[in-house]
Amino acid sequence: MRNRFPFFELNPDIIYLDSAATSQTLDTVIQDTNDFLLNHKANAHRSGHSMGAWVDEQYHSAKAKIGEWLGINDADKRIVFNSGATQGLYDAIQLATRDQDDFSVFVGGDFHHSLALPFHSTGYNHCHYIKITDSGVLDLSHLEELLRNDASKVKIIAITAVGNVTGTINDLEKIRSISKQFNAITIIDACQSMGKIHHNYDDFDFVAWSWHKVYGPQGLGCLMIDPRWLDSSPVRPGGGSITSVSYETQTYVDNAQKFESGTPNLQAIVTLPRLLDWLIIHQEQIISHDQELTKLANSLCKNNPYTSETGLITMIPEVGTVEDIALLLDVNKIMLRGGNLCAEPLVRNVSANSGLLRISWGAYTTAEEIEIAFKKIGETYERISRFI
Amino acid sequence: MKEFQDLFEDLFVFEDPMDKYEFIMEQGSLAKSVSDINFEEFELVPGCTSRLWLRYTDKQFICQADSAIVKGLGGMICDWYNQATTSQRQEFTIETLNNIGLAPILSMGRQNGVANLIKRIKYLEYWGNKNSPNK
């Protein structure tokens, strides 16, 4: 699969281990972006000419293939294109909490900032945090206890499918069952799970992810919605979301475009059909490769607060700071992430003053790269320890 | 007393980036201003990614950091400032740092950290530790 990612041919000396932040890009995505800008740039849903029709076709094909990939029906009614998961989660939270005074939110303790910050803006008193077990997954008995003891009219469960610090997989089946039991709205941050593991994302109210973490373009995300939310007004009304407008009123479209006002990121959207073809064909291979690398990383890693289940592993630095270690590894052309990982409360809990180092991989990562990275991390510890 | 910009001239000579960072980290071991005393939380230099503590005592600056690289940079700067002439101190501003052109050597984040250290040095020299805004 690696030969489908031109980055590695162009930069053979770089070991890229920051795929949880953003993945490298599939060759068809680069080709289709160029092709759109050079030959097809036109707007969707508006222009009657053949170029506009071509863009419309790609747009609808992208949604249909997302539906095929995820195994969901009515993709046109369920898939909202947006700028990325941050916008998707924000919109979901707006839709869920708008016009509500009496609501409570149950946020997974392994949250990415993007999942919690919009709730903070609705008032901290609404937020309850679900504990994490020692193995790094959400403690769902704690969630049930919180829900049982809460008398709010509206209950919202907001969780990550896979933690971007823990690399562990939360039990979505159980969360779906709990949400039905308590009639709770569900918001799923699927950024670290999409394309890496099999999940049934059907039957949740909102599922958000970004395409740049799934070998696609930056600046494009999806929010998958339950069709019942089509009755809600758009978070941002505007062009593309309506069928007619008068001086007094407007009629909105009855599909997911209702939540896509303005010109969407078409140069990114047109890359999705061929990206999805590749993902659908290679999904099993990608998952199997991820599991092999996960096993290897767990065997090599020391000082990791959690045993990884997919995609990434974090570790507390044995010496020095994550910033120094990441910088010195960069000198060796090894790109990894160090710091609070956009999950400051959790990282502070497990590594109070040091932050965490994170190695994350993708379909293109080799076992040898993981082995080299851990070897170099060990050497970097030794180097820094001479000066501490 | 050599000029501030001369502090960094060795760094521009190294071809291997690892040598450059080893040199900086080594300065943290050699600098007289790097102290092992227990610093207080309010002595943290604000705006640094890594934790860097700074104290002004007996007209001298002492510092400590949890990062080997930041400790080296802090030690180099404090050592220079402690021995600088009055006119060198007066002429020393953020602009002095900007004029050196550290971009090839230090990331933007590290340069901001050094700039914050300089601001803090000037502040403490003028106001003293007691008026620290962190306290």
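The values are calculated or read from the model by the stated rules, or taken from the named source; none is laboratory data. Just so it is clear, the structure is predicted and the values come from calculations on it, not from any experiment. So basically every Cβ, Gly included, is an ideal-geometry build from the backbone, and we count neighbours across all protein chains shown. Quick note on the areas: whole protein, heavy atoms, side chains included, nothing else; ligands and nucleic acids left out. Shrake-Rupley method; radii C 1.70, N 1.55, O 1.52, S 1.80 Å.
For q = 0.17, 0.29, 0.32 Å⁻¹, what log10 I(q)/I(0) does region A:182-224 give under the Debye formula with an equal point scatterer on each alpha carbon and no solvent?
With no solvent term, the Cα-only Debye profile gives -0.47, -1.07, -1.19.
Starting from the residue with the highest accessible area, list B:S50, A:S135 in decreasing order, probe 1.4 Å.
Ranked list, largest accessible area first: A:S135, B:S50.
Estimate the FRET efficiency between B:D58 and B:E15 by the formula 1/(1 + (r/R0)^6), using the beta-carbon distance for r and 41 Å for R0, to the nearest 0.05.
0.50
What ³J(HN,Hα) values, in whole Hz, does the Karplus curve 6.51 cos²θ - 1.76 cosθ + 1.60 give for region A:271-282 when θ = phi - 60°, with x put for Gly and Pro?
3J(HN,Hα) across region A:271-282, in whole Hz: 7, 5, x, 6, 4, 5, 4, 5, 5, 5, 5, 9.
Can you divide the C-alpha Rg of region A:220-279 by 2.2 N^0.38 Å and report the result to two decimal places?
Computed over Cα atoms of region A:220-279, the ratio equals 1.32.
Could you put A:E144, A:E292, B:E3, A:E9 in order of accessible surface area, largest first, with the 1.4 Å probe and the full protein assembly present?
A:E9, A:E292, B:E3, A:E144
Just read off the accessible area of A:H199 with the full protein assembly in place, 1.4 Å probe, to the nearest 10 Å².
Roughly 40 Å² of A:H199 is accessible to a 1.4 Å probe.
Heavy atoms of the protein only, probe of 1.4 Å, neighbouring chains included. What is the accessible area of A:R337 in Å², nearest 10?
70 Å²
Given a 1.4 Å probe and the protein chains all in place, what does the accessible area of B:I94 round to, in Å² to the nearest 10?
B:I94 has an accessible surface of roughly 50 Å² with all protein chains in place.
Sorted by average packing, counted as other Cβ atoms within 10 angstrom per residue and highest first, what order do A:254-261, A:206-213 take?
Peptide ranking by packing, descending: A:206-213, A:254-261.
Once phi is turned into ³J(HN,Hα) by the Karplus curve 6.51 cos²θ - 1.76 cosθ + 1.60 with θ = phi - 60°, what whole-Hz value does each residue of region A:44-51 show in order, with x for glycine and proline?
9, 6, 10, 9, x, 6, 5, 5
Normalising by the residue count of region A:101-235, find the relative contact order in percent from Cα pairs under 8 Å and 6+ residues apart.
19 percent
Given a Förster distance of 56 Å, report the FRET efficiency between A:N43 and B:T85 from their Cβ-Cβ distance, rounded to the nearest 0.05.
0.30
Go ahead and estimate [θ] at 222 nm for chain A from helices alone: -39,500 (n - 2.57) per DSSP H run with n ≥ 4, summed, over the residue count, rounded to 500.
Taken over chain A, the calculation gives -11500 deg cm²/dmol.
Taking amide H atoms as placed 1.01 Å from N in the peptide plane, list the residues 5 or more away in sequence, or in a different chain, whose amide H sits under 5 Å from that of A:T160.
Close amide H contacts, sequence-distant or interchain: A:G108, A:D189.
Which whole-percent values make up P(r) of region A:247-386 when all C-alpha to C-alpha distances are grouped in 10 Å steps starting at zero?
10, 30, 24, 18, 11, 5, 1, 0
Is there a quick way to get the dipole size of region A:124-271? I mean about its Cα centre, with the Cβ of Lys and Arg at +1 and of Asp and Glu at -1; what is the value in debye to the nearest 20?
Roughly 160 debye for region A:124-271.
Tell me the Kirkwood hydrodynamic radius of the protein assembly as shown in angstroms, computed as one over the mean inverse distance between distinct C-alpha pairs.
Result for the protein assembly as shown stands at 25.7 Å.
For a quick check: with amide H placed at 1.01 Å from N, whose amide H comes under 5 Å from A:Y129's, ignoring anything fewer than 5 positions away on the same chain?
A:V107
Any idea what log10 I(q)/I(0) is at q = 0.18 Å⁻¹ for region A:60-201, Debye with uniform C-alpha scatterers and no solvent?
So the normalised log intensities work out to -1.10.
Starting from the Cα of A:K333, draw a straight line to each of the lysines and keep only those under 27 Å, dropping any in the same chain fewer than 8 residues away.
Answer for A:K333, where 27 Å is the Cα cut-off: A:K196, A:K213, A:K295, A:K302, A:K375, A:K376, B:K20, B:K71, listed by chain and number.
Keeping every protein chain in place, order B:D36, A:D56 by accessible area at 1.4 Å, biggest value first, i.e. largest first.
Highest to lowest solvent-accessible surface, that is B:D36, A:D56.
What distance in nm separates the two pseudo spin-label positions at B:F23 and B:M1, each 7 Å out from Cα along the beta-carbon direction?
Inter-label distance under the simple model: 2.3 nm.
Normalised by the residues of chain A, what does the relative contact order come to in percent, with Cα pairs under 8 Å and at least six apart?
22 percent
Which of the three applies to region A:110-175, rounded, prolate or oblate, going by the alpha-carbon gyration tensor with a ≥ b ≥ c and a/c under 1.5 meaning rounded?
Oblate shape, in that a/c is at least 1.5 and b/c is the bigger or equal ratio.
A:D18's amide H: which non-local residues (gap 5+, or another chain) put their own amide H closer than 5 Å, with H modeled 1.01 Å from N in plane and none for Pro or chain starts?
A:S360
Taking Cα pairs under 8 Å and at least six residues apart, what relative contact order does region B:2-135 come out at, in percent?
28 percent
With θ taken as phi - 60° and the coefficients 6.51, -1.76 and 1.60, list the Karplus ³J(HN,Hα) couplings across region A:149-159 in order, rounded to whole Hz; mark glycine and proline as x.
8, 10, 9, 5, 5, 10, 10, 10, 9, 10, 9
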